[in-house]
Amino acid sequence: MIERAFRQRMSPLPMTADVTIPLPPQVQTGILSILSVGARWGSLLTAAALAAVVSKGAPPELMLTAAPAILADRTCVSYWRIRRS
């Protein structure tokens, strides 16, 4: 009776399993090649601002105005390609 009351009181907490089911070992494969490419959004903004200043005659203050936003942005697009044997 006491054990039942204790379990009801502890029911909001997750129960730990006494026995775990063993997982089958994963099939191991060799890695042939890995390609990893990352592009930061700030790099693209810097290139666009520089191109606007150099080619289109935008004021040089554009680089100074955009610099805090470019340096603060940590957004990155990454592409991974893993070839296995």
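The values are calculated or read from the model by the stated rules, or taken from the named source; none is laboratory data. Note that the structure is a prediction, hence the values are computed from the model and not measured. Counting neighbours? That spans all protein chains shown, and the Cβs are built from the backbone with ideal geometry, glycine included. In case anyone asks, the SASA skips ligands and DNA or RNA and just uses the protein heavy atoms, side chains included. Shrake-Rupley method; radii C 1.70, N 1.55, O 1.52, S 1.80 Å.
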*Once the other residues with Cβ under 15 Å from the Cβ of Ser33 are scored (Lys, Arg +1; Asp, Glu -1), what is the net sum?*
+3
*Once amide H atoms are placed 1.01 Å from N in the peptide plane, what residues at a sequence separation of 5 or more from Ala58, or on another chain, have their amide H within under 5 Å of its amide H?*
Val53
*Go through the stretch 44-49 residue by residue and turn each phi into a ³J(HN,Hα) via Karplus (6.51, -1.76, 1.60, θ = phi - 60°); whole Hz please, and just put x for glycine and proline.*
5, 5, 5, 5, 5, 5
*Ranked by accessible surface with a 1.4 Å probe, highest first, in what order do Ile82, Ile70 come?*
Ile82, Ile70
*Order Arg81, Arg74, most accessible first, counting only protein heavy atoms with a 1.4 angstrom probe.*
Arg74, Arg81
